[in-house]
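K.L.:
Please see the structure below; I have some questions.
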Amino acid sequence: SSDLKGRSAPVGDASKVGWPTFHHAMLSARTAPCGTSDAPLPLIIDSDPGLDDALAIACAVVRPELNLLAVTSVGGNADVHHCTENALRLLHLYGADDVPVAEGAVGPLAGPLERATEVHGEGGLGKTVLPKSPRVADRDGAVALMARLLDGSPVPVALAPIGPLTNIALLIRSFPHLAPKISHICLMGGSVGEGNSSASAEFNIYADPTAAEIMFASGLPITMIGLDVTHHAILDRTILDRLKLLPGASAKVAAELLKFSFDRSAAWGQGEKMAIHDAVAVLHLALPDLVGVARYHVVVDATQGPARGRTIGDANPYRLKRDNLEPNCDVGLTIDSARFADLMVDVFAKLP
Ligand code: RIB
Ligand code: CA
């Protein structure tokens with residue numbers, strides 16, 4: 001292309017540039033716990049199923065290092081009633097009717113209602129209609145169920161929020177005495193680089209910045225699995241051929257969900273691929289060496305301006321010292337992308 005007074009613009013593939021941050025944080029030891037087959041990690045997933053949520057929940061059901069105690073729903077990708085029904089039907093499909101489901105917040109603590117139905121379809125699972133679950137959701141609701149499970153657990157429980165953080169903020173504010181029973185919050189959300197809902201903000205934070213602000217300021221141990229790492233957890237059409245060889249109905253549904261996403265992404269000129277954001281947050285709690293992290297101080301812009309929902313991550317030692325700030329979370333930065341695709345196939349090979 002020629003512009004700039006006739007000089008040709010520099011030619012090159014911008015996608016080869018590393019993430020757009022000047023300070024390349026040093027990777028550090030993870031602070032998130034990691035389950036083992038001998039001692040599976042007790043885990044609650046808070047979710048807005050959701051195409052990638054569906055794959056993340058499958059990981060939690062299958063991985064021997066995780067003990068999925070519940071799935072709670074939150075409005076996000078679709079209306080919360082769709083998300084609740086999707087959680088019930090996905091767990092039924094995966095043969096996990098023993099995992100309780102409870103419905104949470106319809107929308108954010110403050111600000112407008114945000115949805116991602118343009119990505120996930122009106123009902124949240126593309127055009128896929130799953131068989132009904134024989135169960136209904138727990139009548140006490142998401143926050144009460146999370147509190148009951150935390151209170152009743154003999155050991156602290158990890159939370160994996162993979163949708164807007166409204167339920168998590170309500171849990172923190174409604175049951176502060178249960179904070180010691182939360183072993184870690186490993187969320188899918190945020191980005192120290194660019195956003196996706198806006199140039200500034202990733203959807204889960206953008207949908208409820210106030211809730212995210214409450215969580216990041218809570219002092220609880222946090223791992224932020226943001227777009228910086230999830231944009232390297234990509235599946236493309238080759239996964240469909242691998243899933244097609246698997247016997248279970250779950251693998252066929254996964255192929256359907258992925259095909260819907262690939263078609264949408266291609267129609268938008270973004271290539272036939274999908275970042276399986278949420279599965280990275282869940283797999284980080286099952287595999288010690290899949291994701292590389294660094295320590296950041298993260299705050300959220302909860303204003304209603306153009307940076308609304310931005311997670312402002314700082315790892316620069318000079319600035320942190322100058323501003324008397326300590327890092328408050330691990331941020332995911334690297335992942336073994338090839339291994340990730342194999343892990344997804346392995347999960348669906350083990351599902352009915
Ligand atoms: O930005 C990606 C996140 O938003 C994922 O959790 C996806 O499911 C959507 O909720
Ligand atoms: Ca999600």
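K.L.:
Only one residue in 235, 257, 243 is of a type in the set (A, V, I, L, M) and away from ligand 1 (no atom under 16 Å from the Cβ). Which one? Lay out the reasoning, then the answer.
P.N.:
Working: 235 fails: away from ligand 1 (no atom under 16 Å from the Cβ); 257 fails: away from ligand 1 (no atom under 16 Å from the Cβ).
Checking each option against the conditions leaves just 243.
K.L.:
Still on this structure, I have one more. Out of all the residues in the range 202-219, which are closer than 17 Å to residue 162 by Cβ and in contact with a helix residue (DSSP H, G or I) (Cβ under 6 Å, 6 or more places away or on another chain)?
P.N.:
Residues satisfying the conditions are 202, 205, 208, 211, 212, 215.
K.L.:
Of the residues that make up the range 300-318, is at least one in contact (Cβ under 8 Å) with a residue 40 or more places away in the chain, within 16 Å of ligand 1 (Cβ to nearest atom), closer than 25 Å to residue 73 by Cα and surrounded by fewer than 24 Cβ atoms within 10 Å (Cβ to Cβ)?
P.N.:
Yes, some residue in the range 300-318 is in contact (Cβ under 8 Å) with a residue 40 or more places away in the chain, within 16 Å of ligand 1 (Cβ to nearest atom), closer than 25 Å to residue 73 by Cα and surrounded by fewer than 24 Cβ atoms within 10 Å (Cβ to Cβ).
K.L.:
Can you name every residue in the range 263-299 that is without any contact (Cβ under 8 Å) to a residue 40 or more places away in the chain and either within 16 Å of ligand 2 (Cβ to nearest atom) or assigned to a helix (DSSP H, G or I) (or both)?
P.N.:
Listed by number, the residues that qualify are 263, 265, 266, 267.
K.L.:
Among the residues of the range 65-81, how many are more than 20 Å from residue 206 (Cα to Cα), without any contact (Cβ under 8 Å) to a residue 60 or more places away in the chain and not aliphatic (A, V, I, L, M)?
P.N.:
Within the range 65-81, residues that are more than 20 Å from residue 206 (Cα to Cα), without any contact (Cβ under 8 Å) to a residue 60 or more places away in the chain and not aliphatic (A, V, I, L, M) number 2.
K.L.:
Quick one: which of 157, 143 is more than 16 Å from ligand 2 (Cβ to nearest atom), touching a Pro at 6+ places or on another chain (Cβ under 6 Å) and under 23 Å from residue 217 (Cβ atoms)? Please lay out each step first, then the result.
P.N.:
Details: 143 fails: touching a Pro at 6+ places or on another chain (Cβ under 6 Å).
Of 157, 143, the one residue that is more than 16 Å from ligand 2 (Cβ to nearest atom), touching a Pro at 6+ places or on another chain (Cβ under 6 Å) and under 23 Å from residue 217 (Cβ atoms) is 157.
K.L.:
Identify the residue in the range 86-140 that is within 18 Å of residue 44 (Cβ to Cβ) and among the β-branched types (Val, Ile, Thr) and, among all such residues, is surrounded by the most Cβ atoms within 10 Å (Cβ to Cβ).
P.N.:
Of all residues in the range 86-140, those within 18 Å of residue 44 (Cβ to Cβ) come to 86-88, 90-91, 94, 96-105, 135, 137-140.
Those left that are additionally among the β-branched types (Val, Ile, Thr): 99, 101.
Values: 99: 22, 101: 27.
Top of the filtered list is 101.
K.L.:
Right, here's the next one. For the range 263-280, which residues satisfy the criterion of being over 18 Å from residue 342 (Cβ atoms) and hydrophobic (A, V, I, L, M, F, W, C)?
P.N.:
Answer for the range 263-280, where residues must be over 18 Å from residue 342 (Cβ atoms) and hydrophobic (A, V, I, L, M, F, W, C): 266, 267, 268.
K.L.:
Any residue that is under 23 Å from residue 90 (Cα atoms) and either crowded, with 21+ Cβ neighbours inside 10 Å or touching a Phe, Trp or Tyr at 6+ places or on another chain (Cβ under 8 Å) (or both) - is there at least one of those in the range 190-200?
P.N.:
At the first step, the residues of the range 190-200 found to be under 23 Å from residue 90 (Cα atoms) are none.
Taking every residue of the range 190-200 in turn, none turns out to be under 23 Å from residue 90 (Cα atoms) and either crowded, with 21+ Cβ neighbours inside 10 Å or touching a Phe, Trp or Tyr at 6+ places or on another chain (Cβ under 8 Å) (or both).
K.L.:
Restricting to the range 196-250, give me the number of residues that are in a strand (DSSP E or B) and touching a residue at least 60 places away in the same chain (Cβ under 8 Å).
P.N.:
6
Quick grid of which residues meet (1) under 27 Å from residue 276 (Cα atoms); (2) hydrophobic (A, V, I, L, M, F, W, C); (3) assigned to a loop (DSSP other than H, G, I, E, B):
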position: 151; (1), (2), (3): no, no, no
position: 169; (1), (2), (3): yes, yes, no
position: 172; (1), (2), (3): no, yes, no
position: 187; (1), (2), (3): yes, yes, no
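K.L.:
What is the number of the single condition among (1) surrounded by fewer than 22 Cβ atoms within 10 Å (Cβ to Cβ); (2) over 16 Å from residue 54 (Cβ atoms); (3) touching a Phe, Trp or Tyr at 6+ places or on another chain (Cβ under 8 Å) that residue 351 does not meet?
P.N.:
(2)
K.L.:
Go through the range 35-51 and count every residue that is away from ligand 1 (no atom under 16 Å from the Cβ), closer than 25 Å to residue 102 by Cα and in a loop (DSSP other than H, G, I, E, B).
P.N.:
The total comes to 2.
K.L.:
If you don't mind, there's one more thing I want to ask. Those residues that are in contact with a Gly (Cβ under 9 Å, 6 or more places away or on another chain) and farther than 15 Å from residue 279 by Cβ, I need them from the range 327-348; list them, please.
P.N.:
Passing the criteria: 328, 329, 331, 333, 334.
K.L.:
Also, quick follow-up: Is it the case that some residue within the range 82-97 is assigned to a helix (DSSP H, G or I), over 16 Å from residue 48 (Cα atoms) and more than 16 Å from ligand 2 (Cβ to nearest atom)? Can you show your working first?
P.N.:
To start, the set of residues in the range 82-97 that are assigned to a helix (DSSP H, G or I) comprises 82-93.
Still in the running and over 16 Å from residue 48 (Cα atoms): 92-93.
Still in the list and also more than 16 Å from ligand 2 (Cβ to nearest atom): 92-93.
Yes, some residue in the range 82-97 is assigned to a helix (DSSP H, G or I), over 16 Å from residue 48 (Cα atoms) and more than 16 Å from ligand 2 (Cβ to nearest atom).
K.L.:
Of the residues 168, 205, 162, 182, which single one is within 16 Å of ligand 2 (Cβ to nearest atom), hydrophobic (A, V, I, L, M, F, W, C) and within 18 Å of residue 34 (Cα to Cα)? Talk me through it step by step, then tell me what you get.
P.N.:
Values: 168 fails: within 18 Å of residue 34 (Cα to Cα); 205 fails: within 18 Å of residue 34 (Cα to Cα); 182 fails: within 16 Å of ligand 2 (Cβ to nearest atom).
Checking each option against the conditions leaves just 162.
K.L.:
Anything in the range 119-156 that is of a type in the set (A, V, I, L, M), over 16 Å from residue 72 (Cα atoms) and free of Cβ contacts under 8 Å to residues at least 40 places away in the same chain? List them, or say none. Explain how you work it out, then say what you get.
P.N.:
Going residue by residue through the range 119-156, those that are of a type in the set (A, V, I, L, M) are 119, 125, 129-130, 136-137, 142-147, 149-150, 155.
Then keep just the ones that are over 16 Å from residue 72 (Cα atoms); that gives 119, 125, 129-130, 155.
Residue satisfying the conditions is 129 alone.
Any read-out appearing in this document is the output of simple, stated calculations on the displayed coordinates, not a laboratory observation. Owing to the predicted nature of the structure, the values given are computational and were not obtained by experimental measurement. In this analysis, Cβ positions are derived from the backbone assuming ideal geometry, glycine residues included, and neighbour counts consider all displayed protein chains.
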